[in-house]
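Chemist: Let me begin by handing over the structure; questions about it come next.
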Amino acid sequence: MKIGIVGFPTLGGSGMVASNLAVELSQKGHEVHIISYKKPLFLDEKVQGNPNLFFHNVEMEKYPLFQEIGALYTIPLANTIRKAIKEHSLDLIHTHYGIPNAVSSYLATKGTKSKSVVTLHGSDVHTLGNKDSIKEIVGEALNNSNQVTTVSNYLSNLATETFSLEKTPLTVYNFIDTELFSPKDQPKQKVIVAASNYRPVKRIPFLVKIFGEVQENYPNWKLKLIGDGPERPICHRIAKEGGFLDKIMFQPPTKDIPIEFSTSSILAAPSQIESFGLTIAEGLSSGTPVWATNVGGIPEVCVHGSAGYLFEVNSVESAINSLEKLMGDESLRNRFGEFGRKFVIEKFNKEKIIAEYESIYETLLQ
């Protein structure tokens with residue numbers, strides 16, 4: 001098959017899933033064309049020596065009339081997709097993230113023989129998609145796609161309601177490289193790890209406050225915060241004012257995430273909302289139990305009481321109690337870690353998920 005993959009070139013969930021899917025499909029012999037405004041960070045090393053993987057850059061026009069409304073993207077993206085369809089006879093366009101990519105794909109595939117698949121990832125539904133300024137046109141684009149998928153059952157139901165979809169989207173979970181994210185030979189440290197972009201929805205300041213409440217009872221434990229973003233200074237201030245800054249490790253974004261997850265004892269994800277929770281699945285695959293909020297698609301990824309503890313989003317007491325249970329019981333953590341790894345291998349391994357996407361493509365192209 002000749003497949004176009006449209007996504008963002010970011011390290012966030014939707015961008016990583018789109019890029020990794022493109023690489024995996026190309027390695028299976030499909031001709032894959034990634035379409036975005038910038039190459040994903042790791043793509044050069046993946047493209048090298050891979051004759052089936054191509055990149056198309058979306059060139060955005062700058063014009064004085066538009067300086068107050070920002071760079072145009074929807075139309076240049078649609079134009080780049082249409083050009084790739086014509087020049088390479090693409091069978092199918094698989095778009096990741098609904099805004100504005102689904103609209104661009106709708107415009108680009110209209111009047112062509114190419115089929116269209118759109119995968120919704122989360123904030124394109126529950127944060128941006130429900131805006132009155134956006135949802136009607138995005139809903140039209142989705143209803144005119146050949147297939148819409150979502151990364152959890154939770155998101156499928158929410159998207160159907162938000163966009164008044166005529167058909168309920170199929171759930172195709174995000175996939176995990178269970179060989180990359182796996183238990184390592186290094187011993188686990190008494191570290192709680194979180195990898196985040198420090199946006200408010202991730203609630204990393206809340207995590208720092210909760211750690212501040214328990215750290216005196218567990219003096220040998222530390223909190224490692226990986227990433228960067230607007231709320232990092234807030235986290236630093238909370239720890240400094242609380243007198244436990246020496247127990248917080250701030251680390252910039254790194255490619256060593258698999259090592260960090262496997263050598264930590266607990267993975268923390270106190271988000272306000274998550275449609276799937278990619279880092280949660282990666283942590284479980286690494287044999288690390290999870291402490292996370294009981295929201296969105298997280299219960300579909302982390303089985304409460306078997307792979308970790310899920311607490312109610314507004315309950316400080318529940319958050320503290322569940323975290324202390326994990327910190328105080330190594331055998332419990334080991335048991336949860338073993339269950340979580342088996343669960344991820346069974347439900348989210350890349351061979352299974354990629355085969356599901358291939359089946360969708362083949363059905364549409366028959």
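Chemist: Taking Ile320, is it surrounded by fewer than 18 Cβ atoms within 10 Å (Cβ to Cβ) and of a type in the set (Val, Ile, Thr)?
Modeler: In short, yes.
Chemist: How many residues does region 99-134 hold that are among the small types (Gly, Ala, Ser) and at pLDDT below 95?
Modeler: Looking only at that region, the number is 5.
Chemist: Let me ask something additional. Since Leu326 meets every condition but one in (1) surrounded by fewer than 20 Cβ atoms within 10 Å (Cβ to Cβ); (2) assigned by TED's automatic domain parsing to the domain that holds Arg203; (3) modelled with pLDDT of 95 or more, which condition does it not meet?
Modeler: Looking at each condition in turn, Leu326 falls short on (1).
Chemist: Here is a further query. With respect to the numbered conditions (1) surrounded by 15 or more Cβ atoms within 10 Å (Cβ to Cβ); (2) over 26 Å from the mean Cα position of the chain (by Cα), which one is the sole condition not fulfilled by Lys110?
Modeler: (1)
Chemist: Kindly indicate whether Leu284 is assigned to a helix (DSSP H, G or I) and in contact with a Cys (Cβ under 8 Å, 6 or more places away or on another chain).
Modeler: Answer is yes for this residue.
Chemist: Sort through Leu90, Leu128 and tell me the only one that's buried (at least 17 other Cβ atoms within 10 Å of the Cβ) and touching a residue at least 40 places away in the same chain (Cβ under 8 Å).
Modeler: Unique residue meeting the criteria: Leu90.
Chemist: While we're on this one: Hey, Lys62 hits all of (1) farther than 22 Å from Gln272 by Cα; (2) in a helix (DSSP H, G or I) but one; which does it fall short on?
Modeler: Condition (2) is where Lys62 drops out.
Chemist: Touching a residue at least 40 places away in the same chain (Cβ under 8 Å) and not in a helix (DSSP H, G or I): is that true of Val313 in this structure?
Modeler: Judged against the criteria, Val313 is a match.
Chemist: Considering only residues that are hydrophobic (A, V, I, L, M, F, W, C) and assigned to a loop (DSSP other than H, G, I, E, B), look in region 176-192 and name the one that is surrounded by the most Cβ atoms within 10 Å (Cβ to Cβ).
Modeler: Phe181
The values are calculated or read from the model by the stated rules, or taken from the named source; none is laboratory data. Because the structure is a prediction, the values reported are computed rather than measured. Heads up, the Cβs are rebuilt from the backbone with ideal geometry, glycines too, and the neighbour counts pull from every protein chain shown.
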